Structures are given as structure tokens and as C-alpha cells.
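Nothing in this text is a laboratory measurement; each read-out follows from the coordinates by a stated rule. All values derive from a computational prediction rather than experimental measurement. FYI the Cβ positions are ideal-geometry reconstructions off the backbone, even for glycines, and counts take in every protein chain you see.
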Amino acid sequence: NAGVTQTPKFQVLKTGQSMTLQCAQDMNHNSMYWYRQDPGMGLRLIYYSASEGTTDKGEVPNGYNVSRLNKREFSLRLESAAPSQTSVYFCASSELGQGAYEQYFGPGTRLTVT
Amino acid sequence: GNSVTQMEGPVTLSEEAFLTINCTYTATGYPSLFWYVQYPGEGLQLLLKATKADDKGSNKGFEATYRKETTSFHLEKGSVQVSDSAVYFCALYWKIKYQLIWGAGTKLIIKP
């Protein structure tokens, strides 16, 4: 049981390049999330998917797109990377309906855009 | 709207000191409350939780009590260790949007 996995762990992009961050969970959770973490700003929600087939914008969606490929996988795409997207990206999953609503996190992807 | 406010860090303590990290929230109703911990280079993991007023969450020697009257969920530990050095996040569950609302995080540094 691997939990939440993310690839790649590290990535360096040039401005204007595109890339897709991959996330998969093996806990059969319905909900999945993409966050970015910047120094002094805590976690900010980019997009989330409450259940398979649905996606919604979070607090900072501009410059990103997502795909909920199936129940297990939720990818984040940067179409034209900008230096402001340099950050650490975390994927998380959760099961709706649990009383305390715990989220499980992946190890993160550290992205640098030059 | 819903929000979470944590004390600013870093908080620097000596080993075996008493720890308090303050967390207050603004929300309608009675949200579930959480503390997450992030060790260096890792993702976040749940430390403890409380789902209703007066509940006490506890784990690994850490405790937090859900105080409705003061809208607070302060994290405490009686005797910290160097291994407790990490960033601690307070969060509340916003049911309508299926989201967690996060505090900014508090970095804790424990010196031997």
C-alpha cells in the first residue's frame, strides 16, 4: 500500500515550457487535490476533484489545468511555465463521508522555473 | 469567510521544554479541526484531529482541545524532543466545498 505517489520528485523548466505532474493513490479515495506550497504562505489549493469525473478550481488555478484520469489518478498540467510557478506541489486524497475528513499527502514535487 | 490563524514562527525551544502553538479559527457552524505536521523534505501527515466542541485530539505526546467559546485549537506538548522539529499546520474542514482551510504553518526548532 503506497498511499499517494507523485512523479517527478524534482523538475527544472525554462519559462514557456510545459509539463504534467502525475499523482496516483491506491486507497480508493473519491476526492483528490493539488496544492502548492510557497515559503511563508502555507498551502494553497490549485484544483480539486471531489469525485471521479468532476474538477473544480481552488484558490490559485490560473496557469494550471487538471485531469481526473480515473479514480486513482489526478494530473496537473502547466501549459506555459512561468517563474512565479516555482514552488513545491503536493497532491492529496481523501474519502468523502468520513466524519473527520483526513487528507493523505504525497511526498511532493519540487519545481523550479528559470 | 472561513479562515485559520496560527502564531508566526519560527518557534525555538530547548529539548524537554513545554510547547504551545496557538491556532484560532473563523467559521460558521462547528467544523472539524486538524493539526498536520511536515518534517523536512516530506509531505504533510495528520498529527491529530477533533470533530466537535470540547473534543481533545492526541497523538505522539501532542494534544489539542477544540474550544468553541474561544474558537481555538492550540497545540501543546509537555516535553519536546529534537525529533519534533518540523512545520506544524492547523486546518479546518469546510464541508460545503469539500476542502481544508489551512493556517500558514509554524516552524518549530528544538535545540539539544
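Let's see if you can work this out: charge +1 on each Lys and Arg Cβ, -1 on each Asp and Glu Cβ, no other charges. What is the dipole magnitude of region A:48-114 about its Cα centre, in debye to the nearest 20?
Here the size comes out at about 180 debye.
When the Gaussian network model of chain A links Cα atoms closer than 10 Å, the mean-square fluctuations of A:G16, A:G40, A:G58 top out at A:G40.
For the pair A:K71 and A:D38, label points projected 7 Å from Cα toward Cβ lie 3.6 nm apart.
Rg and Dmax of chain B, based on Cα coordinates, read 13.5, 44 Å.
Percentage of Cα-Cα pair distances in the protein assembly as shown greater than 31 Å, rounded to whole percent? For the protein assembly as shown, the share of Cα pairs beyond 31 Å comes to 22 percent. Shielding value for A:41-48 is 4, the average number of Cβ atoms from other chains within 10 Å of each residue's Cβ.
Taken residue by residue and averaged, Cβ atoms of other chains lying within 10 Å of the Cβ of B:41-51 number 5.
3J(HN,Hα) couplings calculated from phi for region B:8-14 with the Karplus curve 6.51 cos²θ - 1.76 cosθ + 1.60 (θ = phi - 60°) are, in sequence order, 6, x, x, 9, 10, 9, 8 Hz; Gly and Pro show x. Close amide-amide hydrogen proximity is noted between B:S85 and B:I110, each under 5 Å apart and 5 or more residues distant or on a separate chain (H modeled in the peptide plane; Pro and chain starts excluded). With each label point set 7 Å from Cα along the Cα-Cβ vector, what nm distance links B:S3 and B:T70? Those two pseudo-labels are separated by 2.0 nm. Sorted on the mean count of surrounding Cβ atoms within 10 Å across their residues, most packed first, peptides A:42-52, B:70-80 read A:42-52, B:70-80. Distant-in-sequence amide contacts of A:L69, defined by a placed amide H-H separation under 5 Å and a gap of 5 or more residues or a different chain, comprise A:F74, A:S75. Mean silhouette area of chain A, derived from the convex hull of its C-alpha atoms and averaged over all directions, reads 6.8 nm². Can you give the net charge of the other residues whose Cβ lies under 14 Å from the Cβ of B:Q99, counting K and R as +1 and D and E as -1? My count for the surroundings of B:Q99 gives +1.
Summing charges over all other residues whose Cβ lies under 12 Å from the Cβ of A:S18, with Lys and Arg as +1 and Asp and Glu as -1, gives +1. A Förster distance of 45 Å, applied to the separation of the beta-carbon atoms of B:S79 and A:V12, puts the FRET efficiency at 0.60.
Residue-normalised convex hull volume from the C-alpha trace of region A:44-84: 71 Å³ per residue.
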